[in-house]
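What follows is a single structure, written as C-alpha cells, with notes after it.
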Amino acid sequence: MSVNIAAFGNERDGPSGDNQQPSLIWSYLRRSALISETDCSLSASHVGNPAFTEYRASVFGNVRLVVRDCPVWDIFDSDWYTSRSLIGGADIVVIKYSVNDKTSFQELKDNYVPMIKKTLSHCSVPVIISAIGARKNGVPCTCPLCTSDRRSCVTTAEGVQLAKELGATYLELHTLNDFYIQKYFGGVLEYFMIQSLNQKSPEKMKRRKKMQKCHRVQPPQLEQPVEKMPILKGEASHYDADLHNLLCCCQCADVAFYPEDFSTVVEAHKVILCSVSHLFMLLFKVKSPADICDTSIMQTAQSLFTVEAEAAFPLAPRSIPPFIPLLRVVVKDSAFCSCLPDILHFIYSGAFQWERLEEDIKKKVKDPEKTENVLDKVKCILKTPGKLNTTKDCKSQQMKRLYNTSLRLFFNTPVLADVIFKIQDATVPAHRAVLVARCEVMAAMFNAGILQAMSLLICAEMYQVMRLQHICELYIITQLQSMPSRELASTSLSIVSLLKKAKFHNSDCLSTWLLHFIATNYLIFSQKPEFQDLSVEERNFVEMHRWPSNLYLKQLADYRNYIHSQKCHCTVM
C-alpha cells in the first residue's frame, strides 16, 4: 500500500532558491512521529532546473509515502503532461503560498487555479490549501469588506475564497514549528492519508480504475451475487463503559437514594434502573402492580423503599443542572443502603460480575446473615416477574444480553422522557441521561455548553467582534468556576485543549485564566493524561503557581511526622 502526495507552490517569502526559509513538506517529514526512513531525491526534467523534489518515506509503519514537491508553477506552462500526471496520480494535493507574497498568490488564482480545477474534475482528490507565514504589516483584518491590507499581503478571506473554489481544506500556518507542523497541518494530512488507505481496498481500486478508463456514460452491468460476505472489523462497543461512566460522573441524575437519617446521598438515573429492573418500574410508576403480577417484587419494593416528597429533604450539593428534578427515595434497610453504591456499579457496568459484588458486600456488612439478606434483595431487584431468580441466573450471559437490549423499551416513547426533539411537524422523545452517556456533543450541549461558547469565541475572533469574544470568555470562566471538584475530576472536557484553542485564537484573557485555573486545581489536573500536553513553559508556570504548594506539602509532612513521633507527648497524660 502507498500514498502519493503532490505539493505545488512556494511557501517562502523570497525566490524559490532561497534556502534560508524552511520548506513545509520537508519540515513535516522531519518532525512527524509517524514518518520513518525518509529519503530525498531530485527528479529533473531540465538540467539545472528540477521540476520537482521527490521524497520517499514510510508512514504508519509499513505504508510507503511518496511526496512530489513542485515549488515552481511554471511546470503547468512548460510541461502540462507532467503536471497533469502529478495531480492525476496523487491521492492528496497540497497547495502552498506565502501570505506575504501577494503577487504569486494573484498569479496562482488567475492562471493556475482554472487548470487545477479542470484536472481535478475527473477525479475526487482531497486538496489542502496552506497559507504560510506571519503577515509582516501586523495582524490583518479578516473582514471580507476590508481592503486595508490587500496590497501587501494575502488576507484570510482571500484564502478561504480560494479554498471554496477548489472545494479544499484551508489552513493558516503562522510559523513552521512543532504545533503547526505536527498537530495542525500533520493532523489534517494524516486524516486524508487514512481516508486514502481505506479507499484502496481491492474492490474500490477496481471501480476507480474503471471510472478513469471510461470518459463516457456506460450502460449498467449486473454483477454476479457475492457468495461470501466480507468480514467487517469494527470498533469495539463502549456501551457498558459509557453507562458506567455516567454513574461515576452523576450527570443528569434524576433520582436520589437516602438512608433514614439523611446522612448520605446516592444519585442514579430512572431510565437505566427501569431498563434492568421491574421493581424499579413499579417504584417509579412506569408499570402498575397489575402489570407486574408478582407478590415478591411488590413486597420487596414496599419494604425496602419509600418515595418521599422533594420538600421533605434537605438540599444536597449536586453537580447537575438545577432544572432536572430529583425524585427522592428513602432506603429503609441500613445494610442495603450502605452497599447501594456497589450494587449500582454492578448494575451500570453491564458485566454482571456477581462474585465481585458478593465480595464487596461481605467486606462492608461483615455479617453472614445480613450479607445473604442484601444479596436476596438484589436478586429480587433483577427478578423477572413470575420466575424464580437464582444465583446462577445472575451469573448467566442471558442476564447481560437483557441488560444490553432493555433500553430499547424506552426508545421513541414518552415514558420517563425528559428531552423532545422537534423535526418539522414531528416530535421525538428521548432521555437526557442516555444521550449524555453515549454522545460527547450531547453531553456538551446539556452540561453548560462550554464547547459551544468556545466555538462562538473562535468565530468572534475571526470576524474581530471583540465584545462578543469577551462575553464568551466571561461565560466560559464563570461556568468552570461553578464546577465542583468532583465534576472537574470526572469530566471529559479537556481544559488543556481549551487552553490551546484560547492561545491559538488570541484569547489572552482566557488563556491566562486557564493556566491559573489548572495551577489552582493542581491535584486534579496533574492526574489527567492531558496534563502531559502542556508545553515546557506552561508546565513550569503551573508548577510555580500550584496549589497547594510544594513548600506547604513539605511542611505538612514534617508536622505529621512530628505529631506521630515519640518525642511529642501529650502534656496532660
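The values are calculated or read from the model by the stated rules, or taken from the named source; none is laboratory data. Note that the structure is predicted; figures quoted are calculated from it, not measured. Methodologically, a virtual Cβ is constructed for each residue, glycine included, from the backbone with ideal geometry; neighbour enumeration extends over all protein chains shown. For accessibility, only protein heavy atoms count, side chains too; no ligands or nucleic acids. Shrake-Rupley method; radii C 1.70, N 1.55, O 1.52, S 1.80 Å.
Run the simple label-point estimate for K183 and T264 please: 7 Å along Cα→C-beta, distance reported in nm.
Between K183 and T264, the simple spin-label model gives 4.1 nm.
Given labels modelled 7 Å from the Cα in the Cβ direction, how far is it in nm from E107 to F411?
Each label point is offset 7 Å from its Cα along the Cβ direction, giving 6.0 nm.
Taking a probe of 1.4 angstrom, what is the accessible area of S104 in Å², to the nearest 10?
Result for S104: roughly 50 Å² accessible.
With label points built 7 Å along Cα→Cβ from the Cα atoms of D425 and Y463, find their separation and express it in nm.
My value for the distance between the label points is 3.4 nm.
Ordered by residue, what ³J(HN,Hα) values in Hz, to whole numbers, does segment 111-121 give under the Karplus form 6.51 cos²θ - 1.76 cosθ + 1.60, where θ = phi - 60° and Gly and Pro are x?
Using θ = phi - 60°, the values come out as 9, 9, 4, x, 5, 5, 4, 5, 5, 6, 5 Hz.
Which FRET efficiency, nearest 0.05, do E359 and S334 yield, Cβ-Cβ r, R0 22 Å?
0.60
So how many Å³ per residue does the convex hull of the Cα atoms of segment 466-573 work out to?
147
When the accessible area of segment 463-564 is split by element with a 1.4 Å probe, what percent falls to carbon and sulfur? Could the numbers behind the result be given before it?
Values: 3650 of 6300 Å².
Within segment 463-564, the accessible surface is 58 percent carbon and sulfur.
Please tell me which of these pairs span more than 32 angstrom C-alpha to C-alpha: K117/K422; K270/K503; K287/K366; K164/K200?
Cα-Cα > 32 Å for K117/K422; K270/K503; K287/K366; rest within.
Please state, to two decimals, what the Cα-based radius of gyration of segment 509-563 comes to when divided by 2.2 N^0.38 Å (N = residues).
Rg over 2.2 N^0.38 Å, computed on Cα atoms: 1.31.
Determine, from the Cβ-Cβ distance of K366 and S549 and an R0 of 60 Å, the FRET efficiency 1/(1 + (r/R0)^6), rounded to the nearest 0.05.
Numbers: r = 41 Å, r/R0 = 0.69.
Efficiency for this residue pair is about 0.90.
Can you run phi through the Karplus equation (6.51, -1.76, 1.60; θ = phi - 60°) for segment 539-551 and list ³J(HN,Hα) in whole Hz, with x for Gly and Pro?
5, 5, 5, 5, 5, 6, 9, 5, 10, x, 6, 4, 5
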